[in-house]
1. More than 25 Å from ALA273 (Cα to Cα) and either within 16 Å of ligand 1 (Cβ to nearest atom) or among the polar types (S, T, N, Q) (or both): does that describe ALA70?
2. If you go through the stretch 84-104 one residue at a time, how many are crowded, with 16+ Cβ neighbours inside 10 Å, touching a residue at least 24 places away in the same chain (Cβ under 8 Å) and of a type in the set (A, V, I, L, M, F, W, C)?
3. Go through the residues of the stretch 167-177 one by one and say whether even a single one is within 30 Å of LYS62 (Cα to Cα) and out of contact with any His (no Cβ under 7 Å at 6 or more places or on another chain).
4. What are the residues in the stretch 147-184 that are farther than 30 Å from ALA110 by Cβ and not acidic (Asp, Glu), if any?
5. For LEU200, work out the one condition from (1) more than 13 Å from ligand 1 (Cβ to nearest atom); (2) crowded, with 24+ Cβ neighbours inside 10 Å; (3) modelled with pLDDT under 95 it doesn't fulfil.
6. Among the listed residues THR138, THR119, which satisfies the condition of being closer than 30 Å to GLU48 by Cβ and among the β-branched types (Val, Ile, Thr)?
7. How many residues are under 22 Å from PHE21 (Cα atoms) and among the aromatic types (Phe, Trp, Tyr) if we restrict to the stretch 288-313?
8. Sort out which residues of the stretch 22-43 are touching a Pro at 6+ places or on another chain (Cβ under 9 Å) and not in a helix (DSSP H, G or I), and write them in order of number.
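The values are calculated or read from the model by the stated rules, or taken from the named source; none is laboratory data. As the structure is a computational prediction, the values presented were derived from the model and not from experiment. FYI the Cβ positions are ideal-geometry reconstructions off the backbone, even for glycines, and counts take in every protein chain you see.
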Amino acid sequence: MDSKFLNHTRRSVVGFELIDFADSKEISSMRETLSVDTPTHIRWNDWEYGSEVRELRSLYEKGKANQWNASTDLDWETPVSKDEWMGELDMSLLANLLKMMGKSEAEQKAAMFDEVAYTCSQLLHGEQAALQLCGQLTSLCPTTDEKLYAANQVADEARHIEIFARLTGEKMGTIYPIMPTLKFLLDELLAVEGYHMKTLGMQTLFEGMAVGIMGMMREQAFNPLLVHLLQRAEQDEARHAAFGVFTMRRVVERAEPEERDQMEDWAFKVLEALNASQQLGMLHALGPKYGIDANQVTEGMLAMPEWRELNSQLYMHTVVPNLIRLGLITERTRDQWIACGMLVESQFSGKSVPLSS
Ligand SMILES: [Fe+2]
Ligand SMILES: [Fe+2]
């Protein structure tokens, strides 16, 4: 088995194995592949409809109490314009680059607007995968609490599709196509066998990443609709990530050592591929419009001495600490995470710590 995904797309840049799809036909074909064969099956519960996992039942209760209506709880009349700063300069790589190039504020604002639309489009595509995967979990999970919780999350993900589709398509005017690496990985999650691997992939890895991306964007955003929308979605995603942690904690405790190693290796493999794409998807899509060379920028960033520190911020926000607590990043693999710029050594405890529930 290959230790990494998408080896045929990789090239080495200053020692970093960058994923860069050179073949546009391959990208089109991935996007056009709308059907995915998944080996899902149905698992009845054990006919005991009472609560078996108390922490999941209370998460389900929280989920019900915190439902909201995307149509009425957000002010869709709020203007969203290329002529306004969508957020702080640091929210946008493109705007930063244009500033360094001495370009006008109008161009910086427009580039930030486009980059926000691009990122929210990728979140939107991820939401569709979350909806579908969570639907699988309602069938696959063995306990009543997990099934009820997953059913509740399906409604959350439907709402997230609604808000990100409306923001990008209606308010910002463009839904950008899915990044090829993201499509590959989401297909991998949907097709992987077993509810514990699906829970690890979507609920722990991707929900953890979503909390990080939404949280970091929300802290820097100015546009009130974007801020409110991210706040709402982030609260839901934090609940979803908690499900991932609660469930995986029980799975990891019961797993044989080789099963645990397999989960640890797969978690690295999935996030390593996501990280290996860097921001090339966005830079290829939007760079030419602003006179920015995607490869030149990426190579320059990878060569920066502070690159590892900067790159790791998103991973250290939620997903990596959760994996460490779960015992799914151990001494055996931590150097790989550090080498890829996804883990900061000083914050690595090397052992799992209890999670509060
Ligand atoms: Fe979501
Ligand atoms: Fe979610």
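1. Working: more than 25 Å from ALA273 (Cα to Cα): yes; either within 16 Å of ligand 1 (Cβ to nearest atom) or among the polar types (S, T, N, Q) (or both): yes.
Answer is yes for this residue.
2. 7
3. Taking the stretch 167-177 first, the residues within 30 Å of LYS62 (Cα to Cα) are 167-168.
Remaining after also requiring out of contact with any His (no Cβ under 7 Å at 6 or more places or on another chain): 167-168.
Yes: the stretch 167-177 contains one or more residues that are within 30 Å of LYS62 (Cα to Cα) and out of contact with any His (no Cβ under 7 Å at 6 or more places or on another chain).
4. LYS147, LEU148, TYR149, ALA150, ALA151, ASN152, GLN153, VAL154, ALA155, ALA158, PHE184
5. Unmet for LEU200, out of (1) more than 13 Å from ligand 1 (Cβ to nearest atom); (2) crowded, with 24+ Cβ neighbours inside 10 Å; (3) modelled with pLDDT under 95: (3).
6. Numbers: THR119 fails: closer than 30 Å to GLU48 by Cβ.
The conditions single out THR138.
7. Pass one, the stretch 288-313, residues under 22 Å from PHE21 (Cα atoms): 288-303, 311.
Okay, now just the ones that are also among the aromatic types (Phe, Trp, Tyr), so 290.
Selection size over the stretch 288-313: 1.
8. Matches in the stretch 22-43: ARG43 only.
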